[in-house]
Amino acid sequence: DDMELGRRIKCSLCTKALKKIQVLAGDNPDEAAVTAALKKGCRLLGRFLGKQCQKLVSQYQDQISQGLQDGDTPRDICTTMGICKA
């Protein structure tokens with residue numbers, strides 16, 4: 001149904017965005033590296049997705065930052081935030 005589809009799209013956007021951000025942040029990123037990567041990562045997704053990404057990031061910045069610093073996978077982080085189903 002539509003809700004399910006919307007959730008899947010959000011989940012895939014979240015995972016895609018976090019993969020980019022993770023690469024930009026590098027291995028063992030500190031908070032500053034993650035913050036810079038969050039800003040840059042959304043821009044790389046293009047205009048429409050970039051806007052969605054910005055919304056996601058501003059809403060969940062702490063969880064994303066923490067997850068990346070802990071070395072969690074993008075999928076795990078999106079699941080923790082409740083965007084992807086476990």
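The values are calculated or read from the model by the stated rules, or taken from the named source; none is laboratory data. Everything numeric in this text was worked out from a predicted model, so none of it was measured. We place every Cβ from the backbone using ideal geometry, glycine too, and count neighbours over all the protein chains shown. Surface areas here come from the heavy atoms of the whole protein model, side chains and all, with no ligands, DNA or RNA. Shrake-Rupley method; radii C 1.70, N 1.55, O 1.52, S 1.80 Å.
Applying the criterion of being of a type in the set (D, E, K, R) and open to solvent by less than 100 Å² (accessible area, probe 1.4 Å) to the residues of region 1-44, the residue that is farthest from residue 79 (Cα to Cα) is 30. Of the set (1) surrounded by fewer than 14 Cβ atoms within 10 Å (Cβ to Cβ); (2) at pLDDT 90 or above, all apply to residue 86 but (2). For region 29-84, which residues satisfy the criterion of being more than 26 Å from residue 4 (Cβ to Cβ) and not in a helix (DSSP H, G or I)? Within region 29-84, 29, 30, 44, 71 qualify.
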